[in-house]
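> Supplied in structure tokens, the structure appears directly below.
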Amino acid sequence: MTDARTAEADPPWEGLHGHELYAACMHEARAGNRLAMNRLVTELTPLVWQVARGNGLDRHTAEDVVQTVWLALFRNLDRLADPRALAAWLITTARRESQRAGGRKPSPVPLTDELAETVPSTQPAPDAEVLRAERDRGLWAAFAQLPQRCQELLRLTVLAGRVEYRLVADVLRMPHGSIGPTRGRCLQRMRGLLDAQGGSA
């Protein structure tokens, strides 16, 4: 009992980061440690979520995809031997599940009282909404013209501050120091596409 309390108070992944953290958590999760599973979910759910949303899913469907991906991981945890492959596995699985979910009709979301309070009754004004929709269409049209590498980099780095650039670099197999400059070039290219179509960033 004392050993269990010690492990809970001072888990073996304490102070670790990146692949070392994932390796320690994966080892403990295979032994049934729920705290280790929870830590993996906390660390990497933003990444899975961004992949799902980046594939055009609405919030409700993206939540289903995130849950499916984590269930799949915990079912296959013993087969994933290399912790360095974890992020790539999650992204690949999230992409596959997102594409599969994208072909299904999204489930209706009930309008609860709490949700209704967040829906403005008179705002945005119709003309403002039209402008917003046009701006969004322009942004997505420009984004779709970017190389696949730029699209993926921008999707992942939207999580800056929650997912480290180091993880993005590992997933995309790029030097850590090149993520920021490459992201800047991708954004500049997107601004050029927007300017060409008469839009603005």
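The values are calculated or read from the model by the stated rules, or taken from the named source; none is laboratory data. Computed from a prediction, not measured in an experiment: that's the story for all the values here. Neighbour counts run over all protein chains shown; Cβ positions are idealised from the backbone, glycine included. Protein only, heavy atoms only, side chains kept; ligands, DNA and RNA dropped before computing areas. Shrake-Rupley method; radii C 1.70, N 1.55, O 1.52, S 1.80 Å.
> Just for the stretch 71-105: of the residues that are free of Cβ contacts under 8 Å to residues at least 12 places away in the same chain and open to solvent by less than 50 Å² (accessible area, probe 1.4 Å), which one is nearest to the chain's Cα centre (by Cα)?
Among those residues, the one meeting the criterion is 85.
> Taking the conditions exactly as written (at pLDDT below 80 and surrounded by 12 or more Cβ atoms within 10 Å (Cβ to Cβ)), does residue 129 satisfy them or not?
No.
> Among the residues of the stretch 172-181, are any assigned to a helix (DSSP H, G or I), at pLDDT 85 or above and crowded, with 16+ Cβ neighbours inside 10 Å?
yes
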